[in-house]
Structures are given as C-alpha cells and as structure tokens.
Amino acid sequence: MIMGFIASIVLLYIAIVAHFNYWYPEIRWDWNNISTDDISFPPGFVWGTATAAHQVEGNCINNWSEFEKGTKDDGKPNIKDNQQSGIACDHWNKYPEDIDLIKKLGVSSYRFSVEWSKIQPEHDTYDMDAINHYSKMIDALLENNITPVLTLHHFTHPLWFERLGAFEKEENIALFVSFCERVFKEYSHKVQYWCTINEPAVVSTQGYFSGMFPPGKQDPQLSAVVLKNMLEAHVQVYHRLKKMENGSTAMIGLVKNINHFEPWRRWHIIDWLISQSVNRFFNDSTIDFLRTGKFSIRLPGLAWIVHYNPKAIGSTDFFGLNYYSHNHLKSNLFSKELFSLHYKDGDIMTDMPYTIYGEGIYRAIKTGSVLNVPIIITENGVADEMDDIRELYIRRYLYAVSKAISDGYDVSGYYYWSLMDNFEWAFGYDMKFGLYSVDRSSQERTLRYGSKAFVEIVQKNSQS
Ligand code: BGC
C-alpha cells in the first residue's frame, strides 16, 4: 500500500515535470550552422534607435534623481559606486548634433521620452520652456526626415507625483492621464507614434520587489498593485488620447519588456513553479490583460490580485517589444529572495547579468503576437564595454527578427538600444549600450566598431 502510494507520487511528479517540459521548451538554435547574413526585411520596415530622457538629457529632478542620492538598508548605495545621473549626455543641449548622429546611422526614426518632471515640475505648473524645447526637438527631427516616436513615461516622474504615492494609488492615475493629454495636445499634430508607458512590469518588480529601482521597496503585494495600476493607466491614456484631435490617426501602444524565465533544473518541480510564477507575474499578466481584459496574479502568501476591465482589450495599436535576454532561476525557498540567477556554461555573457540569446527575440515576438497587432521592437541592444560581442549580438538578434518576419509574424520596426552610452539606472554609467560611445568628460560621441554591423544591415535593408 505504501509502495503504491510512493509510486503514484513519483508518477505524478514525472507527469507534472514532463508537462512543463513539453509546453515550455527552452528553444536553442544551432548557431554554428546558421548564416546570420541570411536575412531580409520587407519594404517599409522601420529602422530606428532609442533613448530615454532621464538617461541622456541631464539635470532631471525626479524620483530617480532622489533615489540616486540614497542608500539601501544595508548601507550600500542605491546606484553602483554612488554614481548620479547629473548632466548625463547633455542631450538636452546637444540634441541637434545627436540628430546628425542618428542620420549618420541611416535609420529613419528616433524613439525618445519626454521628462514629465520638466514639463510639469509642480502639480499646478506646466513649464512652457520645457514644452517648447521638445517641440523644437520634434521639429528638428522632422526637418531631418527622422520620424519621432514619443514615450510618455519611461521610469521617471515628478517628485510631487512620487510624494502622492505615484502608481501605488489608483486615484493618482488621473494625474498621469491629464499630463498625457497635455503632451498629446501639444505635439500630436506632428507626432504619430506614441508609447504610453515603458515596461510597467520592470517598474513594479524592480521598484517594489527587488528594490533596485525607486522607491526601493520590497513588497510583492504592492508590486502587483503598482503593475495593475500602471496597466490601468495605459488603458485610460489610450482611450483618452484616441478621443482627442489627431487621436484616430495616432498609433498608441504599450511598451513591454519580455523576459522569459526558465527553470535552472528542468527536472526540478520547485524551479518550474518559481519560474512559471515569475513568468506569470512579469509577462503573462500583462499580455492576458491586453488580450482578455482580465488581470490576475495569484501567489498565495505573496501577492493576490484579480481585476477586470474590458476596455483593456484592443487598447494598443501596436505592441512595443523590448527584448534583451532570458534568465534561469534556481529555487531557494529558504532565502528571502526565493531564487537566484544562474548562467549556462558556454553561453556568452553580456556586461549585464544576462547572456546573448538571439533566439529569445523570436520567442518573444511569438509571445506578443497573440495580441494580433503589429509588433515594433522598441528596444534591443547590448551592454559591451570591450565591444567584442556587439557585432555578434546584433547579427544574431536581427537574424531572429528576420526569421520571425519570414515565418509570418507582423514585425514592422526595430529600434536599437541605445543611440549612445547613457545612465543605466542602478548600474550607473558602467554599462555601455551605445552605438556611439560617450566620453564622460568631453561628451564626445564616437561610433563603436561593433555598431558598424547595425549600420551595414540598416543600409542594405532600407528602401532607397
Ligand atoms: C529600459 C532602458 C534600459 C535598457 C537596458 C530597458 O529595460 O527601458 O531604459 O536602459 O532596458 O537595460
């Protein structure tokens, strides 16, 4: 009888693990037998590059600049080596020369964000100089035949909004919506592409789960609430802007980072449960919400939230996909973090804590395709200070994008992250994502050797 019981448990275990292994394979391509030159992109495919205000402009006073001054409970600085964003790349003043650099790449579009704290420094004050500044920048882009793609929220917001509880509170959503309306009113006659919020799941997990981003909290339930509220904010902004003048012709979309979480040990049921739960929280909850209107995170003892808004269905004209890599999680139920990250021997590490995984962007495109809207790769790129893997990264990921398109997926553009080295959040200036390197003392920009692969592919695959 006992033997029968044990045998049933073992069989059940094997069945569950086999089920996971079958339905969630970790795709691996044989790169040794793939020619990454074998690529093509359809006519009209848009090539671009991207930045975000706080990372490049300089002199921002917002939730991040405050966080940069602080330390964690253990006394360690919030930002590596106590770095602060400061003047950043001085893009605020140097944007005309940066537009020349964009043109030299041969791309035809630039994704950037406007800094809410500069446009609306106080709850009741809009700063006309800041509004005019972005207006001039947009004009300069258009004069140079560079299509602007404007992001309304890229990780930062004004201190007054932070003090009110930011996206922790549902009632604050209206404040963000009215900022967006104002910006749309100012620029929608010359900007057609709009990204509402950049990576809500990153803000919620890094800001409220790992504590690596402001406000540096570690509260899974709050993290889930913030994610739900940011997605609600997206839905409300979408519908509001659509009703405004130029709204019906504008393309308005959410930007989502897809990062697949894999079990470190594919036979280990707890590794599976943890990685699937993280996937649910980070990836599926957002995609399901946009697809079905249902948002749910059910992690007993950690986070529990069920929400429904039918207006979420179809509330994105395109799916903005940011893709970098995947992560392997090894469970450790006895640690506070519950799991740790691990890297497979033979995988090539980037300078960030993840590896090169070109086939992952194909998987992510497949994941995003369930929304049945065009996918724009709004970010993809590599931190590589030595510049010895950038070319490989670019060739592999673009091969995978090209393959996705030839397999029938609707991908309409690709924006390299980033135009130039910039302030990489909790890692400070140490991460070198730029197509152009930036000398921190002279602000001189120089095209990296590895970036030439991107320029070459863009030039070969652009309509003349
Ligand atoms: C963010 C960027 C960041 C990049 C590289 C994305 O998640 O949108 O702001 O610099 O990843 O880490």
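The values are calculated or read from the model by the stated rules, or taken from the named source; none is laboratory data. Note that this is a predicted model, so its numbers are computed, not measured. When we count neighbours, we look across all protein chains shown, and the Cβ atoms used for this are built from the backbone with ideal geometry, even at glycine.
Some values worked out for this structure:
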| quantity | calculated |
| --- | --- |
| Condition met for PHE176 (crowded, with 19+ Cβ neighbours inside 10 Å and on the phi > 0 side of the Ramachandran plot) | no |
| From the options GLY413, GLY358, residue that is more than 18 Å from THR51 (Cα to Cα) and touching a residue at least 24 places away in the same chain (Cβ under 8 Å) | GLY358 |
| Residue match in region 83-95 (condition: more than 16 Å from the ligand (Cβ to nearest atom), more than 18 Å from GLU424 (Cβ to Cβ) and among the acidic types (Asp, Glu)) | no |
| In region 337-362, the residues that are under 24 Å from ARG291 (Cα atoms) and either more than 16 Å from the ligand (Cβ to nearest atom) or surrounded by fewer than 18 Cβ atoms within 10 Å (Cβ to Cβ) (or both) | TYR362 |
| Test: ALA224 is closer than 18 Å to ILE258 by Cα and in contact with a strand residue (DSSP E or B) (Cβ under 6 Å, 6 or more places away or on another chain) | yes |
| Residue under evaluation PHE334, criteria (1) surrounded by fewer than 19 Cβ atoms within 10 Å (Cβ to Cβ); (2) aromatic (Phe, Trp, Tyr); (3) modelled with pLDDT of 95 or more, criterion not met | (3) |
| Number of the exception - GLN221 against (1) assigned to a helix (DSSP H, G or I); (2) closer than 28 Å to PRO374 by Cα | (2) |
| Criterion: within 30 Å of TYR399 (Cβ to Cβ) and not charged (D, E, K, R) - qualifying residue of ALA50, ALA7 | ALA50 |
| Any hit, region 11-24, residues being in a loop (DSSP other than H, G, I, E, B), among the hydrophobic types (A, V, I, L, M, F, W, C) and touching a residue at least 60 places away in the same chain (Cβ under 8 Å) | no |
| Identity of the residue in region 388-434, of a type in the set (Ser, Thr, Tyr) and within 16 Å of the ligand (Cβ to nearest atom), that ends up nearest to VAL373 (Cα to Cα) | TYR414 |
| Condition met for SER340 (within 18 Å of PRO220 (Cβ to Cβ), small (Gly, Ala, Ser) and part of a strand (DSSP E or B)) | yes |
| Residue check for ASP288: part of a loop (DSSP other than H, G, I, E, B) and either crowded, with 18+ Cβ neighbours inside 10 Å or modelled with pLDDT of 95 or more (or both) | no |
| Every residue from region 239-255 that is of a type in the set (Val, Ile, Thr) and out of contact with any strand residue (DSSP E or B) (no Cβ under 6 Å at 6 or more places or on another chain) | THR249 |
| ALA18 being out of contact with any Cys (no Cβ under 8 Å at 6 or more places or on another chain), crowded, with 17+ Cβ neighbours inside 10 Å and within 30 Å of TYR409 (Cα to Cα) | no |
| Close pairs (8 angstrom Cβ cut-off, 6 or more residues apart or separate chains): on the phi > 0 side of the Ramachandran plot in region 418-435, near the ligand (Cβ under 8 Å from one of its atoms) anywhere | TRP425/GLN55; TRP425/PHE155 |
| Qualifying helices (runs of 4 or more DSSP H) (wholly inside region 134-214; at least 2 residues being away from the ligand (no atom under 16 Å from the Cβ) and out of contact with any Lys or Arg (no Cβ under 9 Å at 6 or more places or on another chain)) | 159-163, 173-187 |
| Failed criterion for ILE365 (all others in (1) within 15 Å of the chain's Cα centre (by Cα); (2) within 16 Å of the ligand (Cβ to nearest atom); (3) without any contact (Cβ under 8 Å) to a residue 60 or more places away in the chain hold) | (2) |
| Test for GLY247: is it touching a residue at least 60 places away in the same chain (Cβ under 8 Å), surrounded by fewer than 17 Cβ atoms within 10 Å (Cβ to Cβ), of a type in the set (Gly, Ala, Ser) and not in a helix (DSSP H, G or I) | yes |
| Neighbours by Cβ (under 6 Å, 6+ apart or cross-chain): first from region 268-296, free of Cβ contacts under 8 Å to residues at least 24 places away in the same chain; second among the polar types (S, T, N, Q) and assigned to a loop (DSSP other than H, G, I, E, B) | GLY293/ASN309 |
| Residues within region 343-366 that are aliphatic (A, V, I, L, M) and outside any loop (DSSP other than H, G, I, E, B), tallied | 4 |
| Single unsatisfied condition, PHE5 versus (1) touching a helix residue (DSSP H, G or I) at 6+ places or on another chain (Cβ under 6 Å); (2) outside any loop (DSSP other than H, G, I, E, B); (3) of a type in the set (Phe, Trp, Tyr); (4) surrounded by fewer than 19 Cβ atoms within 10 Å (Cβ to Cβ) | (1) |
